[in-house]
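Working notes, structure below.
Every number in this text was worked out from the coordinates using simple rules, so none of it is lab data. As the structure is a prediction and not an experimental result, all values here were calculated from the model. Reconstructed Cβ throughout: ideal geometry from the backbone, glycine too, with neighbour counts over all protein chains shown.
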Amino acid sequence: MIKKVAILANGGDVAGFNAVIRGIVKTAENNGIEAYGFIDGYTGLLKNEYIKLSTASEGNAEGILPKGGSIIGSSTNANVFNYKITKENGEVEYKDLSDVCIENLQKDGFDCIFTLGGDGTQKSARDFSTKGVKVIGVPKTIDNDVACTDITFGYNTAVSVAMEAIDRLHTTGETHHRIMVLEVMGRYAGWIALESAIAGGADVALIPEIPYDIEKVASKIKNRQSRGKNFSIVVVSEGAKAKGGEMTIQGTRNNGQGVDNTKLGGIGEIVAKQLEQITGLEARNTTLGYMQRGGTPTAYDRVLSTKYGTKAMQLALEGKFGRLTVIKNGKLDDVSLEDVVGNNTQIGAVSGNTEQSNLRKVTLDDDLIKTARSVGINLGD
């Protein structure tokens, strides 16, 4: 019997975190189950810091459906299977502290834990599952790249924000006869750039999956010039790269082992300068950044997040653990966390764009690619 469950939100914040939490808590309450939230993701699990969650009048989970961020915080650098510890003498070592987390769960009497997060979060969830923890994952990421699901919560809101930015850049570009470049999130997958470009009527979309030729992008813009269109909109994923080139890395963080420490940024500015030199048109770059993460979720994300939250709690009631809630072929479903991590099976192993990781990327036969090409969006190839 499930009597007491815990939730943790991990990774970068997205709109929809709170809607998932609400969905879990309300379903738990309707079945006489207590729900709690660990503070700041896996960090809270390690430190055993948690609060009780309630949707009762004036409860902390009441009225959170439209609220952005996470009421229980989140962590972006806590791989408890390979945790960074700084000694008093300044030396750094890495330890597997997952057993401490498991002891905390047992001591607190939690029957199940829900992990809300992306690739790295679900990799740790899978690792906990192999050690006997009853865990259920919910797929979250701006980039929409979690394996085995059609869509992650938070993604639709990010696309909507990017689309609105494109709409606004259109007016400035057309007024001043400029090339307007918009750099959006998307480290290894170009879903945001591709879908927002279609929704916003952009002329070019550069994504990580298709290395671009800047001359072909410039040819698209020159062709528009020849037809009297002296402005263009170019959407660029932060992880896009030129043919034969590498991703543009702004810096390297020191957030420990087993997490992706590369900090991307700057490709939009590079593309803008190159296009200005080749075409002779003024070019300006706008990096949307954290605007894509913050604020209230769209109606779509509110519904999706609620569906995911209620499905997760229902799985717990059915005794189905080691699973991830997913949308497959438009329908709510669940898959094994083993399928989600794919070949990345080593405990504590790094997540992200490695040969072992199992990210969901844009394929060249995807309907979005076909649609973009059909309406004349240049993909740089």
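For the pair residue 168 and residue 51 in one chain, pulling the backbone fully straight at 0.36 nm per residue adds 38.0 nm over the alpha carbon distance.
Angle of helix 299-317 to the longest C-alpha principal axis of the chain, folded into 0 to 90 degrees and rounded to 10: 30°. Each Cα pair under 8 Å and six or more residues apart adds its sequence gap; the mean of these over the residue count of the stretch 55-138 is a relative contact order of 19 percent.
Once R0 is set to 51 Å, what does the formula 1/(1 + (r/R0)^6) return for the Cβ-Cβ distance between residue 343 and residue 223, expressed as a FRET efficiency to the nearest 0.05?
0.75
If we count other beta carbons within 10 Å of each Cβ, what is the order of 206, 379, fewest first?
Working: 206 31, 379 23.
Fewest-to-most ranking of 206, 379: 379, 206.
Relative to the longest principal axis of the Cα atoms of the chain, the long axis of helix 191-200 makes an angle of roughly 50 degrees.
Could you give the length gained on full extension between residue 336 and residue 318, defined as 0.36 nm per residue of separation minus the Cα-Cα distance, in nm? Don't skip to the answer; put the middle values down first.
Numbers: separation 18, 0.36 × 18 = 6.48 nm, distance 1.47 nm.
My answer for the length gained is 5.0 nm.
The angle between the Cα long axis of helix 98-108 and the longest principal axis of the Cα atoms of the chain comes to about 50 degrees, rounded to the nearest 10.
Taking only pairs that are 8 or more places apart or on different chains, how many Lys pairs in the stretch 264-361 have Cα atoms under 19 angstrom apart? Lysine pairs meeting the criterion: 9. Relative to one another, the C-alpha centroids of the stretch 331-376 and the stretch 210-244 are positioned 26 Å apart. Candidate values [x] 69, 44, 42; [y] 70, 49, 35; [z] 56, 53, 45 were compared with Cα extents along the principal axes in Å computed on the shown model; the agreeing label is [y]. The distance linking the stretch 94-116 with the stretch 7-74 is 17 Å (Cα centroid to Cα centroid, whole angstrom).
When we measure straight from the Cα of residue 87, which lysines land under 25 angstrom away, once same-chain ones fewer than 8 places off are left out? The reachable lysines, counting only those whose Cα sits under 25 Å from residue 87, are 47, 95. Fully extending the segment from residue 111 to residue 99 would add 2.7 nm, taking 0.36 nm per residue of separation and subtracting the current Cα-Cα distance.
Using DSSP loop states and a limit of at most 16 other Cβ atoms within 10 Å to flag GluC sites (Glu not before Pro), what is the longest stretch of the chain containing no flagged site? Write down the numbers at each step before the final one.
On the way: sites that count: 49, 58, 62, 88, 91, 246, 318, 355.
After excluding every exposed loop site, the longest remaining stretch is 92-245.
Panel order for 313, 247, 1, by other beta carbons found within 10 Å of each beta carbon, from fewest to most: 1, 247, 313.
Tell me, 128, 38 in order of fewest to most beta-carbon neighbours within 10 Å? Let's see the in-between values first.
Numbers: 128 25, 38 31.
Ascending number of Cβ neighbours within 10 Å: 128, 38.
Per-residue Karplus couplings for the stretch 71-76, computed as 6.51 cos²θ - 1.76 cosθ + 1.60 with θ equal to phi - 60°, are listed in order as 5, 10, x, 6, 10, 10 Hz, Gly and Pro entered as x. In the chain, the DSSP beta bridges split such that about 35 percent are antiparallel, to the nearest 5.
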